[in-house]
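The values are calculated or read from the model by the stated rules, or taken from the named source; none is laboratory data. On a predicted model such as this, the values are computed, not experimentally measured, just so you know. In this analysis, Cβ positions are derived from the backbone assuming ideal geometry, glycine residues included, and neighbour counts consider all displayed protein chains.
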Amino acid sequence: MTEYKPQQLDKKWQQQWTASRAFEVTEDPKRPKYYCLEMFAYPSGHAHVGHVRNYILGDVMARTKRLRGFNVLHPFGWDAFGLPAENAAIKTGTHPETSTLGNIAHMKGQLQRLGISYAWEREIATCLPEYYKFNQWIFLKMFERGLAYRKHSTVNWCPSCQTVLANEQVVEGACWRCGTTIVTRDLEQWFFRITAYADELLKGLETLTNWPEKVVVMQRNWIGRSEGARVTFPVVGGGAIEVFTTRIDTIYGATFVLLAPEHPLVEQFASEAADPAAFRAQLGRFRALDRDARLTGKEGFDTGRRAVNPFTRAEVPIWVANFVLAEYGTGAIMAVPAHDQRDFDFARKYSLPIRVVVQSGDRAVPVETMSEASINYGRLIDSAEYTGQEAPAVMRRMIADAETQRIGVGEVQYRLKDWGISRQRYWGTPIPIVYCDKDGVVPVPFDQLPVALPKVTTLTGKGDSPLAQVAEFVHTKCPVCGGPARRETDTMDTFVDSSWYFLRFCDPRNADLPFDPVSSAYWMPVDFYSGGVEHAILHLLYSRFFTRVLRDVGLLDFDEPFKRLLTQGMVLKDGNVMSKSKGNVVDPDDMLAQYGADALRLYVMFVAPPEKEVEWSGSGLEGSFRFLVRVWRLVDHWAETVGGEGIPACGDDCTDAERAVRQKTHETIRRVTIDIEERMHLNTAVSSLMELVNKLYTFSEGTVHGAPSRSPKPLGGRVERMQTIGALREALDALVLMLSPFVPHSAEEMWHMLGHPEGIAQASWPTFDAAIAKADEVTVPVQINGKIRARLTVPATTSDEQLRELALADGAVRHHTAGRTIRKVVVAKGPLVSVVVQ
RNA sequence: GCGAAAGUGGCGGAACUGGCAGACGCGCCGGACUUAGGAUCCGGUAGCCGAAAGGCUUUGGGGGUUCAACUCCCCCCUUUCGCACCA
């Protein structure tokens, strides 16, 4: 008996894999490729089992696909720029580069100890100039194409992090990272024109059939396409207000106009007001409120001005309202209180007129008795020549008429906004722009990249961009005129780094281009991508955007970067997300020391389907370890008997027991293959393998009647029949191969024990034979009025007609049908016989 | 409020296209082997009734379709997640 010593096996095989460069790959047009990717990691310091679950899942896919004959790219890297390292530097004085590289080294060790089969020679870290040089390269390409632009804008400022946040990084008015309530600030910022691709990004979602529906829906909502019209309401006394509406059919009910507090006309109205101070005082109340507070109730005030509804020609009051968003549409709306709940509430609160223009039901409800807005589409009433017509046809007509009369135009609005990428932070990619008094905004020429991040030694976290304090960085020469110029001192949002890293893995050492189009054409798109749901919107949307930009730049010839997406569930401890601050982190290294990498890998895959959240369980891990010991003993026991080449499994001459083993083996191959490749139910793949092991144990029991002695109880004794040996060998080989993606170290060793001179890398996935998998005897339940009353054991070849007769002849069936009329007998696939009586 | 997903034993979960509910594992109970067992092996384990054979009930609740429903349809409840005044 060879003892199972997992820690030794881990070490032995990990060394062997590294030495043989087992997971390094090159493009090979003759073989089908498979690009398997897990979201790269932020090097926070330690990976806990929650993180690691994702890497194990990817590894099972990668290893399975290798055995299936694919040329598998399975790389890993580090999303190495970002706030936490900088915050730590402010606190402890350790330079972000030092802490980041240290963290990377540690985490890499953790992943290697888990035996994740990464092509480490392709490792990347975004904080290295070799990488961020191409962030700058892409930025410049976007600048050339007008997709990167600068604009003066109000931005979200986090007083705690001392930086600007993207809209997407503001969660309910608070900083996504520290939770501090954000305030607004006015700064000159760089933006990526993602809105130019809004429609395409939306349409592309339809092609993502192998993405979770949830993620597709979230992206669709985020892009938020609305079709409607922009309509001009002339202001009495000069000027005009443009509103955006999706309900132009209700325009005859537009009885007032609302402006966002930040609308440009509001300032003008204030200065023209009878009492500008009072006007501004009211306005100031709204503007001071943060986003959250604004949502608490609907408030507004009359500007005293009036506009003309271009359809009714009636003069309507113009109010300022806190709930109108400056950043959406035109920052102004036509209010139709009868048919919009918000406008209704507002009108009731301030006693503004309500006019019903869409008939709901048989007759119009009197305005006085209305308790809520009627928002449904319907037949128009009191709408001049449009009266009697119905939406949506009338909307098209009204828009067409508005266009003819030049009072409006059909328009599509998106909720998606351009992506602000400027960060007043140190630990990021410098934006490759120079400001020259003479030449203005000048892009750094491509041949001068990278604009290296200077080594700032003291980070205070206060004030604006740390780079502004580095004189030798700021002061440079204008690339155009050679005169004195200043560098841009902001760095890029780190989401830029992660928007294209999957492409860099195709060609990670290219010094001239982000990647070679030939290698990306071979490897891309990513066939299987997995990571946390928290990236369902931002990272995935930005990556889809970048892919399209790089396509238009000419580097790619496809639209969607990720074919199949899996959103990984989190691992909880005591019902909570693992985090250092909660002190409930399970460190994989502790588990490794106790059970080895394979038991941990197996447990994490077995405990639940990958999308689901799971609660960490120590006893579950122990169970997986026990299973491995059980497999080990089984293989160890039979290794000598079945070892060596050339013994075929039994054919027609099988005994029942041999036949049963072969049947189970092939049925398991079928199920495990489908479970891993198609359904991604890794947990049931494992349980099928457990069933096979159980079967082989019972089989082993049956082969011997020896006296069991001291522990552990031995399995069956000598087997003479060559056919049995062949069947066993087939079963054990298949078992070990199918286990290998889950427990690669133990599997390599057992594969070796079974007499295979080459490693599993040289082997291929077991082949499924439908004829063998088919059982020759089946148990057929017989239902009477839906209740199972009997079971027939018959040859699998029994015809439906025979089954029917056998069922009706069965004693128990006759007992239950005695004295009753048989009305119907159904023989269903399954097989199953269903008898209906009386 | 809108949108999405999900509710199955003591627990994690399984049931692939409407066809034997509870696979597999954890836990628990019993047995074997033992100086010992927290190792190992074997057996049991949804609930209720019954000595047993067997019977009845059971997939959040209520209806329905069907020979047959965890699965399909309608109503309701609960939970989780996402968006949250987008005109």
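Overview of values
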| item | result |
| --- | --- |
| Set A:LEU565, A:LEU556: member being farther than 19 Å from A:ARG679 by Cβ, at pLDDT 90 or above and within 24 Å of the chain's Cα centre (by Cα) | A:LEU556 |
| Some residue of the stretch A:592-607 being near RNA strand B (Cβ under 8 Å from one of its atoms), buried (at least 16 other Cβ atoms within 10 Å of the Cβ) and of a type outside the set (Ser, Thr, Tyr) | yes |
| Test: residue in the stretch A:466-474 that is part of a helix (DSSP H, G or I) and buried (at least 22 other Cβ atoms within 10 Å of the Cβ) | yes |
| Qualifying positions in the stretch A:514-548 - within 16 Å of RNA strand B (Cβ to nearest atom), assigned to a helix (DSSP H, G or I) and over 19 Å from A:TYR35 (Cα atoms) | A:VAL533, A:GLU534, A:HIS535, A:LEU538, A:LEU541, A:TYR542 |
| Residue among A:THR232, A:THR255, A:THR303, A:THR330 that is at pLDDT below 95 and more than 8 Å from RNA strand B (Cβ to nearest atom) | A:THR303 |
| Residues of the stretch A:154-177 classified as assigned to a loop (DSSP other than H, G, I, E, B), within 23 Å of the chain's Cα centre (by Cα), of a type in the set (A, V, I, L, M, F, W, C) and at pLDDT 65 or above, total | 1 |
| Residues (touching a helix residue (DSSP H, G or I) at 6+ places or on another chain (Cβ under 6 Å) and more than 10 Å from RNA strand B (Cβ to nearest atom)) located in the stretch A:775-806 | A:LEU792 |
| Close pairs from the stretch A:558-573: first touching a residue at least 12 places away in the same chain (Cβ under 8 Å) and among the acidic types (Asp, Glu), partner buried (at least 18 other Cβ atoms within 10 Å of the Cβ) and assigned to a strand (DSSP E or B), Cβ under 8 Å, at least 6 apart | none |
| Condition check for A:TYR529: over 18 Å from A:THR209 (Cα atoms) and either among the hydroxyl-bearing types (Ser, Thr, Tyr) or crowded, with 20+ Cβ neighbours inside 10 Å (or both) | no |
| Subset of the stretch A:228-279 that is of a type in the set (D, E, K, R) and in contact with a Ser or Thr (Cβ under 9 Å, 6 or more places away or on another chain) - its residue that is surrounded by the fewest Cβ atoms within 10 Å (Cβ to Cβ) | A:GLU242 |
| Matching residues, the stretch A:551-607, being over 28 Å from A:SER499 (Cα atoms) and in contact with a Phe, Trp or Tyr (Cβ under 7 Å, 6 or more places away or on another chain) | A:LEU572, A:LYS573, A:VAL586, A:TYR595, A:ALA599, A:ARG601, A:LEU602, A:MET605 |
| Every pair of residues 6+ apart whose Cβ atoms lie under 7 Å, when the first sits in the stretch A:407-422 and is under 17 Å from A:ARG225 (Cβ atoms) and of a type outside the set (Lys, Arg) while the second is within 9 Å of RNA strand B (Cβ to nearest atom) and in a loop (DSSP other than H, G, I, E, B) | A:GLN413/A:GLY329; A:TYR414/A:GLY224; A:LEU416/A:GLY224 |
| Qualifying residue in the stretch A:531-553 (condition: within 25 Å of A:GLU677 (Cβ to Cβ), of a type in the set (S, T, N, Q), modelled with pLDDT under 95 and within 24 Å of the chain's Cα centre (by Cα)) | no |
| Single residue of the stretch A:81-117 satisfying the filter (surrounded by fewer than 17 Cβ atoms within 10 Å (Cβ to Cβ) and outside any helix (DSSP H, G or I)) that is farthest from the chain's Cα centre (by Cα) | A:GLY93 |
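Residue by residue, here is whether (1) in a helix (DSSP H, G or I); (2) of a type in the set (Lys, Arg); (3) farther than 30 Å from A:ASN71 by Cβ holds:
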site: A:ALA747; (1), (2), (3): yes, no, no
site: A:PRO781; (1), (2), (3): no, no, yes
site: A:ARG791; (1), (2), (3): no, yes, yes
site: A:HIS815; (1), (2), (3): yes, no, yes
site: A:GLY819; (1), (2), (3): no, no, yes
site: A:VAL825; (1), (2), (3): no, no, yes
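Let's see how each residue does on (1) within 15 Å of RNA strand B (Cβ to nearest atom); (2) out of contact with any helix residue (DSSP H, G or I) (no Cβ under 6 Å at 6 or more places or on another chain); (3) closer than 30 Å to A:PHE545 by Cα:
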| residue | (1), (2), (3) |
| --- | --- |
| A:VAL356 | no, no, no |
| A:ARG379 | no, yes, no |
| A:GLU390 | no, yes, no |
| A:ASP401 | no, yes, no |
| A:GLY408 | yes, no, no |
| A:VAL412 | yes, yes, yes |
| A:ARG415 | yes, yes, yes |
| A:ASP418 | yes, no, yes |
